[in-house]
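Here's the structure we're looking at; comments come further down.
The values are calculated or read from the model by the stated rules, or taken from the named source; none is laboratory data. These figures come from a predicted structure and were not determined experimentally. So basically every Cβ, Gly included, is an ideal-geometry build from the backbone, and we count neighbours across all protein chains shown. Side chains are part of the model used for accessible areas, which takes the heavy atoms of the whole protein and leaves out ligands, DNA and RNA. Shrake-Rupley method; radii C 1.70, N 1.55, O 1.52, S 1.80 Å.
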Amino acid sequence: MRPRTATDQIYEALYERVVDLSLPPGARLSEAEVAARMGVSRQPVRDAFYRLSQQGFIQIRPQRATVVTRISEEAIRRAHFIREALEVACMRDAATRLTEQQHDALDDLLTQQETAVAADDRSLFHALDEQFHHDICDHSGLSFVWTLIKDNKGHMDRARYLSLSYNAATALGEHRVILAALRARDAGTAVRAIIAHLSRIDETLERLRIEQPEMLER
């Protein structure tokens, strides 16, 4: 693996803030301010801004402020298609490959998720949710699958993060169904469970259209 550059670090920090909405749609970004805060020159900031703009997270406007974009429904649809196709394939392998020790490790993650739900700690739940899906891919010998998913799901994550205030407990319940199917080595049920789990994004989008339409680019 190549060393992480200043551009990588700035990109990752801004990416996380865009996804968790601490930089919400419409927020303004300044190269000079980010460079000063990160203690770097403006060039790596400019490069990080370019990467974010290529993914549709920010809009760079020459001679005007750079702004965080609204959440793109089109990008979410693309991400959902890619993620479902890859995770369905992963579930089929996971149902036959995972060991009891790996099942137990996943169960421990669900216990931690339950604690995060009880504490209404959305940031922690989101991280543990990521870990659950990542580890299923990794334990199946398919870690590259999660890399592909992660590279495509940022816009989906922005919408999902907004839903955690009311949907985290439901997501936890669906994780338990997925794990139960994997323990039973029932690939068919695991596939149906992951499809149902990922398809909840449709309900999230519908609720956002009604409650927070200003967040969405349609």
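Going through the stretch 1-44 one residue at a time, which ones are in contact with a Lys or Arg (Cβ under 9 Å, 6 or more places away or on another chain), surrounded by 12 or more Cβ atoms within 10 Å (Cβ to Cβ) and more than 27 Å from Arg160 (Cα to Cα)?
Residues satisfying the conditions are Glu31, Ala35.
With Thr96, Thr111 as the choices, which residue is under 25 Å from Met156 (Cα atoms) and exposed (fewer than 15 other Cβ atoms within 10 Å of the Cβ)?
So the residue among Thr96, Thr111 that is under 25 Å from Met156 (Cα atoms) and exposed (fewer than 15 other Cβ atoms within 10 Å of the Cβ) is Thr111.
Of the residues that sit in the stretch 57-68 and are out of contact with any Ser or Thr (no Cβ under 9 Å at 6 or more places or on another chain) and open to solvent by less than 50 Å² (accessible area, probe 1.4 Å), which one is farthest from Thr204 (Cα to Cα)?
Within the stretch 57-68, the match that is farthest from Thr204 (Cα to Cα) is Val67.
Within the set of pairs 6 or more residues apart or between chains, which connect a residue that is over 12 Å from Tyr11 (Cα atoms) inside the stretch 29-46 to a residue that is outside any helix (DSSP H, G or I) with Cβ atoms less than 6 Å apart?
Pairs found: Leu29/Thr66.
Looking at this structure, is Ala105 out of contact with any Lys or Arg (no Cβ under 9 Å at 6 or more places or on another chain), within 30 Å of Arg207 (Cβ to Cβ), surrounded by fewer than 16 Cβ atoms within 10 Å (Cβ to Cβ) and touching a residue at least 12 places away in the same chain (Cβ under 8 Å)?
Spelling it out, it is not the case that Ala105 is out of contact with any Lys or Arg (no Cβ under 9 Å at 6 or more places or on another chain), within 30 Å of Arg207 (Cβ to Cβ), surrounded by fewer than 16 Cβ atoms within 10 Å (Cβ to Cβ) and touching a residue at least 12 places away in the same chain (Cβ under 8 Å).
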